[in-house]
Amino acid sequence: SDSVKMIGTVRTFDESIRGTIEEELTRRSQGIAAAYGIKAETVYERRVSAVNNDPELTKEAKEAADRCFGTQNVIELAEPYMISEDFSSYQKVLPGCFFFIGVKDTQHKEALHSPYFDFNDKVLIPAGAFFSYLALERLNKLKGAK
């Protein structure tokens, strides 16, 4: 073949690391190309950043979830969770908190992006109630801060 195209995704929790990775990808691909007397072009597109939850909003959401669903039904992740999600674009404008609401049960076992995923409609009412509760809690807190 007279050309090769490689595509990939880079995910980091720190924007400065993304810069380092971009520099290294370019440097190494240029070095390999030079060693073989060929040309290399690196196109690095920065699309979505890592989701970095605001600590205070995360604490408030966790406490609200504990009250709504019971602490036994709320799982706080011990480690950062690497997802590629455009919610991070909103977080560049306003602090935010991204969280998951479980939809798996005995009839709904497939992962979200699986071609066999079947949304669990039973989660709509409790999830809607939680979002409403969380919004009211936040509004009351903001109202009290004035």
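The values are calculated or read from the model by the stated rules, or taken from the named source; none is laboratory data. Everything numeric here is computed off the predicted structure, so don't read it as measured data. A quick note on method: Cβ atoms are made from the backbone with ideal geometry, for glycine too, and the neighbour counts reach across all protein chains shown.
Looking across segment 7-47 at every residue that is within 24 Å of the chain's Cα centre (by Cα) and hydrophobic (A, V, I, L, M, F, W, C), the one that is surrounded by the fewest Cβ atoms within 10 Å (Cβ to Cβ) is identified as Ile7. Checked against (1) without any contact (Cβ under 8 Å) to a residue 24 or more places away in the chain; (2) part of a helix (DSSP H, G or I); (3) of a type in the set (D, E, K, R), Glu76 passes all but a single condition, namely (2). Going residue by residue through segment 53-62, is there one that turns out to be at pLDDT 90 or above, loosely packed, with under 12 Cβ neighbours inside 10 Å and not basic (Lys, Arg)? Scanning segment 53-62, I find at least one residue that is at pLDDT 90 or above, loosely packed, with under 12 Cβ neighbours inside 10 Å and not basic (Lys, Arg), so the answer is yes. Within segment 82-99, the set of residues being within 26 Å of Ile125 (Cβ to Cβ) and either of a type in the set (S, T, N, Q) or assigned to a loop (DSSP other than H, G, I, E, B) (or both) comprises Ile83, Glu85, Gly96, Cys97, Phe98, Phe99. Here Glu79 meets the list (1) loosely packed, with under 13 Cβ neighbours inside 10 Å; (2) outside the structural domain of Leu139 (by TED's automatic domain parsing) almost entirely, failing just condition (2).
Among the residues of this structure, Ser88 counts as one that is modelled with pLDDT under 95, surrounded by 15 or more Cβ atoms within 10 Å (Cβ to Cβ) and closer than 24 Å to Leu136 by Cα. If Gly102 satisfies every condition in (1) under 17 Å from the mean Cα position of the chain (by Cα); (2) over 22 Å from Phe13 (Cα atoms); (3) of a type outside the set (A, V, I, L, M); (4) not in a loop (DSSP other than H, G, I, E, B) but one, which is the exception? Only one criterion is unmet by Gly102, namely (4).
Is it true that some residue in segment 15-35 is in a loop (DSSP other than H, G, I, E, B), acidic (Asp, Glu) and not assigned by TED's automatic domain parsing to the domain that holds Val93? Within segment 15-35, none of the residues are in a loop (DSSP other than H, G, I, E, B), acidic (Asp, Glu) and not assigned by TED's automatic domain parsing to the domain that holds Val93. Lys146 meets the stated requirement of being farther than 30 Å from Gly19 by Cα, surrounded by fewer than 11 Cβ atoms within 10 Å (Cβ to Cβ) and of a type in the set (Lys, Arg).
Taking every residue in segment 18-32 that is closer than 21 Å to Ser84 by Cα and pairing it with any residue that is of a type in the set (A, V, I, L, M, F, W, C) and surrounded by 14 or more Cβ atoms within 10 Å (Cβ to Cβ), at least 6 positions away or on another chain, the pairs with Cβ-Cβ distances below 7 Å are Arg18/Val10; Ile21/Val10. Checked against the criterion of being touching a Ser or Thr at 6+ places or on another chain (Cβ under 6 Å) and at pLDDT 90 or above, the candidates Ala40, Ala129 yield just one match: Ala40.
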